[in-house]
Amino acid sequence: MKSSTRGIVDPFIVMDVMEAARAAEASGRDIIHMEVGQPSTPAPTKSREALADAMNGEPLGYTVSLGLPALREGIARLYKDWYNLEIDPTRVVVTPGSSGAFILAFTALFDAGDKVGLGEPGYPSYRQILKALNLTPVGIPTRAENRLQPIPSEIPGDLAGLITASPANPSGTMLDHAALEGLIGTCHAQGTSFIADEIYHGLQYEGRAISALEVSDDIYVINSFSKYFSMTGWRVGWMIVPEDHVRLIERLAQNMFICPSHASQIAALAALDARDELDANLATYATNRQLMIEELPKIGFDKIAPPDGAFYIYADVRDLTEDSPALAAEILDKAGVAVTPGLDFDPVRGHQTLRFSYARSTGEIREGLARLAKFMQQYPNQTL
């Protein structure tokens, strides 16, 4: 059968690495997972208990397309707790993961052929979702001196939209209030819609993350229960949109998704009251982050910027290789450690970078670092 040009997108390389790691494990090998941004902890205890109770008493059928009212209200309260913002719950849209939110946002805001800017390195699925919707992703190369975040002077004037991430994937760097104000102000001035990906909020180590909603209400903000709330596989996220866009999003959501998973929404609602358990997870990530910052340079991965948030280290490995996928494959094969080649995040410069995730237990991170150290001892001053 004929296939569409829209369907021709690049693979999500980290998922390919996950599959290679799974195959290695199926053959009997022990693999340390530093490739995927997935907490090793389960959904909070309260979430699992709430769902177990609901399964014994509710049919768990369709919900309204915008999500359970109680969950929308709970998310609005989260913005009061975290940012001291009063958010009208009617502006909160519950989605099938942040991926569903991206599809809704891109469909609501842009017409076929529109140009949408994104910083590079950045989350690879932005580009591929845009391509699949007949939109044109415009990579904006970022620089280390700007902490791998875009700056106002480098935002093209012909963009229909700009998407930013703070804390960012793969770098973990954050945009402060002044930086967000500059970017949002530039976008507003030139008629560029602004989308803020805040999926890693709650996972920050020095100071708090600033929400783009502290700067403007005339934007889209996307978040998820995947990262801080430790619910990746539950596929439930949310977005906050301007009041006059709610019905626009609702009509799209009705037709594209009908509604988010009822079961996942029940678990997500309970997760909002499990902050103590989730903050204990954050303490583990903080310990892991410090280990990575201290040990990776000793091993030979010394060109890194300490992340403000999320659970990643993005390393410049140009002194080792011009082929990051080959290096990642060799590390998996010889060290039993799965890492992600930077090509996933930057199609131009990613041949010279690797991303290390420290979302697993501290014991696993220590073992992974020991294996990486042993691997690197075999390659002093060599190009792989």
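The values are calculated or read from the model by the stated rules, or taken from the named source; none is laboratory data. Keep in mind it's a predicted model, so treat the numbers as computed, not measured. In this analysis, Cβ positions are derived from the backbone assuming ideal geometry, glycine residues included, and neighbour counts consider all displayed protein chains. Heads up: the accessible areas ignore ligands, DNA and RNA and are worked out on the full protein's heavy atoms, side chains in. Shrake-Rupley method; radii C 1.70, N 1.55, O 1.52, S 1.80 Å.
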Point to revise | Solvent exposure ordering (accessible area, 1.4 Å, most first) of 120, 73 | key: 73, 120
Exercise for review: Using the heavy atoms of the protein chains and a 1.4 angstrom probe, tell me the accessible area per residue for segment 18-137 in square angstrom.
Suggested key: 43 Å²
Revision key, fill the gap. Of the accessible area of the chain, computed with a 1.4 Å probe and all protein chains kept, carbon and sulfur make up a percent value of 51 percent
Review point. Going toward the positive end of the dipole of segment 104-164, with +1 on Lys and Arg Cβ and -1 on Asp and Glu Cβ, which of 123, 156, 110 do you reach last?
Key: 123
Review point. So which GluC sites (Glu not before Pro) in segment 85-164 are both in a DSSP loop and have at most 14 other Cβ atoms within 10 Å of their Cβ?
Key: 86
**Study point:** Spin-label pair residue 82/residue 208, simplified geometry with 7 Å Cα→Cβ offset, distance in nm
**Key:** 1.1 nm
Check your understanding: Looking only at 128, 149, 190, which one moves most when the chain is put into a Gaussian network model with springs between Cα atoms under 10 Å?
Key -> 190
Point to revise | Degrees separating the helix 13-26 axis from the principal Cα axis of the chain, which is the longest one | key: 60 degrees
Review point. By accessible area of protein heavy atoms, probe 1.4 Å, what ranking do 27, 40, 324 get, highest first?
Key: 27, 40, 324
Practice item. Go ahead and set up a Gaussian network model of the chain, Cα springs under 10 Å, then flag whichever of 54, 338, 271 fluctuates most. Key: 54
Review point. Which shape class applies to segment 27-177: rounded if a/c is under 1.5, otherwise prolate when a/b exceeds b/c and oblate if not, where a ≥ b ≥ c are the square roots of the Cα gyration tensor eigenvalues?
Key: prolate
Review point. Which entries in 80/227; 2/227; 227/374; 227/298; 46/131 show an alpha-carbon gap greater than 27 Å?
Key: 2/227; 227/374; 227/298; 46/131
**Study point:** Per residue value of the accessible surface for segment 169-260 (all protein chains in place, 1.4 Å probe), Å²
**Key:** 35 Å²
Revision key, fill the gap. A student applying the Cα gyration tensor rule (rounded when a/c is under 1.5; otherwise prolate if a/b is larger than b/c, oblate if not) would label segment 39-122 prolate
Study note, to complete from the structure: To the nearest 0.05, the calculated FRET efficiency linking residue 40 and residue 319 through their beta-carbon distance, R0 being 30 Å, is 0.45
Point to revise | Net lengthening on full extension, residue 303/residue 378 (0.36 nm per residue, minus Cα-Cα) | key: 25.1 nm
Practice item. Return the single residue from 64, 17, 94 with maximal mean-square fluctuation; model: Gaussian network over the chain, springs between Cα atoms under 10 Å. Key: 64
Check your understanding: What share of the DSSP beta bridges in the chain is antiparallel, in percent to the nearest 5?
Key -> 45 percent
Exercise for review: At most 11 other Cβ atoms within 10 Å and a DSSP loop assignment: could you name the GluC sites (Glu not before Pro) in segment 194-272 that fit?
Suggested key: 206
Exercise for review: Give me the angle, in degrees from 0 to 90, between the Cα long axis of helix 262-271 and the longest principal axis of the Cα atoms of the chain, rounded to the nearest 10.
Suggested key: 70 degrees
**Study point:** Range in the chain, longest, excluding exposed trypsin sites (Lys or Arg not before Pro) [loop by DSSP; at most 14 other beta-carbon atoms within 10 Å]
**Key:** 30-142
Practice item. Rounded to the nearest 500, what is the 222 nm mean residue ellipticity of the chain from helices alone, with -39500 (n - 2.57) per DSSP H run of 4+ residues and division by all residues? Key: -12500 deg cm²/dmol
**Study point:** Pairwise centroid distance, computed over Cα atoms, of segment 86-162 with segment 314-347, Å
**Key:** 26 Å
Revision key, fill the gap. Listed by chain and number, the residues whose amide H is under 5 Å from that of residue 236, excluding neighbours fewer than 5 places away on the same chain and using placed H, are 97, 225
